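What follows is a short report on a single structure.
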Amino acid sequence: MRLVPIPTSEYEEYRLNLMFDCYKWDPQFLDNNTVAKYALVITEEEHRQISSLTESLDRETRAAEQFLNNHQELVGPLKLTRQLRGDIGHMSNYNPDMHIRLTRYDFHPVLDVEGGWAISEVNSDVPGGFAEASLMPLAAIESINRAHISQIMEKEAYHIVSFGDVMLEAVKKKVKAGGRIMLVHCTCYSDDRQVMQFMGDRLKAEGYQVIYGAVEHVNFKDKKAYCVLDGNKGELDAIFRFTPLEWFKDIKPKRWQGYFDTETTSCNHPVAIYAQTKRFPFIWDVLEANGISMSTWRSLLPETIDVKSAAGREGYIYKPAYGRVGDGISIREALDIKEYEKIMKDVGRHPGRYVAQKKFASIPLKGEGGEEYHVCLGSYAIDGAHGGYYARVSSTPRIDSNAADIPVLIEGGGSYDR
């Protein structure tokens, strides 16, 4: 794994290309540029290893969630919210063959774990980064090789796994040609819309009818989903959801329970909530006692315990049970004292909302000037098969909203497909 610079002569054009042609509408977070000046290059061997681990993790995750869904009396250790505990009771008809299951596992290069990798979590419910995992790598390859041509240098040989291509094939298998697909997202956020617009344009190009709407724009009758937007009313053939389940209680859409028992093809079905909570490890003993192996998870995820069990013990960080984008994680050296104290105060007040996780030593990669970047390499699984990469880099060990998106390239030639 190494960093390859986007040539200085190409970078501004590359960044503009991402904004106008690659759905990267939000290249800033506050005053921070979130488009890395590098590409992350992994070896073919690393690619094979990570994709294999991803598929193994996903087999365990899907087996676990299907078991838990059939034995909901055992989910107590997850401490789902009261609302979600009521909602999951509607999922007794869940059939994985009807739905598209999308996950993303976050890998980090480390020294102290066998194999050199640790995972920090699974983005089980609504992972994003679709365009960054599809078009951004192609733009990076073009910029790198264009600079080499101008300098009369040999072109680099890279290939990629395009998330968009893999997802499109998964949709084709489960949604009829020309079907009506509702892309459900928070319509007031441009960073959500850019994810859905990328996917919608890919689906439209394949002949699907695409409707953009919010969670409240879907109604349900006889376990079938219907669009209620003027001009688009009628039955849906699929729901592609990008609104997190735990936000439903704040949005308060009518009949949201319909998402939980619908027989309309969904990506993602709410069954994803079992693994989305960071308390997922607290139920592994129960799962394994019932014949569900969690061996890959155990080998890659640092020890995760409840907050009270971590009291007085060194080497643990605290993470929100429903945290996203790395926010709210208490990595001391990555935070100013004010933010750190705020997090720790909240941990003390609401220990049930957090988990304690053994801190791992992330290995930073060096840039051209000797600067160091910590890497989070997100690896997708789509219906159990590896589906590409979405990576971010940060100058600190906490990969949060300030981190920069970085394209992932695989060494060597080949097609731009799986």
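List of remarks:
- Look at the dipole of the chain built from charges on Cβ: of T277, M167, F360, the Cα furthest out on the positive end belongs to T277.
- Panel values: region 11-65, Kirkwood radius from alpha carbon pairs, Stokes-Einstein at 25 °C and 0.890 mPa s, translational diffusion coefficient 171 µm²/s.
- FRET E, pair F20, K359, Förster distance 35 Å, beta-carbon r, rounded to 0.05: 0.30
- Estimated FRET transfer efficiency when R0 is 25 angstrom, pair E44-E368 (beta carbons, to 0.05): 0.55
- Exposure proxy ranking for C22, C186, based on other Cβ atoms within 10 angstrom of each Cβ and starting from the fewest, stands as C186, C22.
- Scanning the chain for chymotrypsin sites (Phe, Trp or Tyr not before Pro) lying in DSSP loops with no more than 16 further Cβ atoms inside 10 Å, the longest uninterrupted stretch between such sites is 190-415.
- Springs between Cα atoms under 10 Å define the GNM used for the chain, and in it the highest mean-square fluctuation of V218, V184, V228 occurs at V228.
- Fully extended contour minus Cα-Cα distance, from K223 to I305, at 0.36 nm per residue: 25.7 nm
- Every helix of 4 or more DSSP H residues in the chain counts as -39500 (n - 2.57), and over all residues that averages to -9000 deg cm²/dmol at 222 nm.
- Loop-located trypsin sites (Lys or Arg not before Pro) across region 197-250 with a Cβ neighbour count of 15 or fewer within 10 Å are K223, K233, with loop assigned by DSSP.
- For region 317-346, the list of trypsin sites (Lys or Arg not before Pro) that fall in a loop by DSSP and count at most 13 other C-beta atoms within 10 angstrom is empty.
- Segment T81-R59, length gained on full extension (0.36 nm per residue, minus Cα span): 5.3 nm
- Fewest-first sequence of H374, H269, H99 by Cβ atoms within 10 Å of each Cβ: H374, H99, H269
- Sorted by Cβ density within 10 Å, fewest first, the residues S56, S143, S9: S9, S56, S143
- For region 310-401: rounded, prolate or oblate by the Cα gyration tensor [a/c cutoff 1.5]: oblate
- Rounded FRET efficiency, nearest 0.05, which uses the C-beta distance separating T8 from L74 and R0 of 41 Å: 0.15
- Span-like helix check, the chain: qualifying full DSSP H segments, with Cα axial length of 15 Å or more and mean Kyte-Doolittle of 0.0 or more, are 136-150.
- Computed label-point distance, nm, for sites D250 and A205 using a 7 Å Cα→Cβ extension: 3.4 nm
Values quoted throughout were computed directly from the atomic coordinates according to the rules given, and no laboratory measurement underlies them. Here the structure is a predicted model, which means the values were calculated and not measured. Cβ coordinates were reconstructed from backbone atoms using ideal geometry, including for glycine residues, and neighbour counts include every protein chain displayed.
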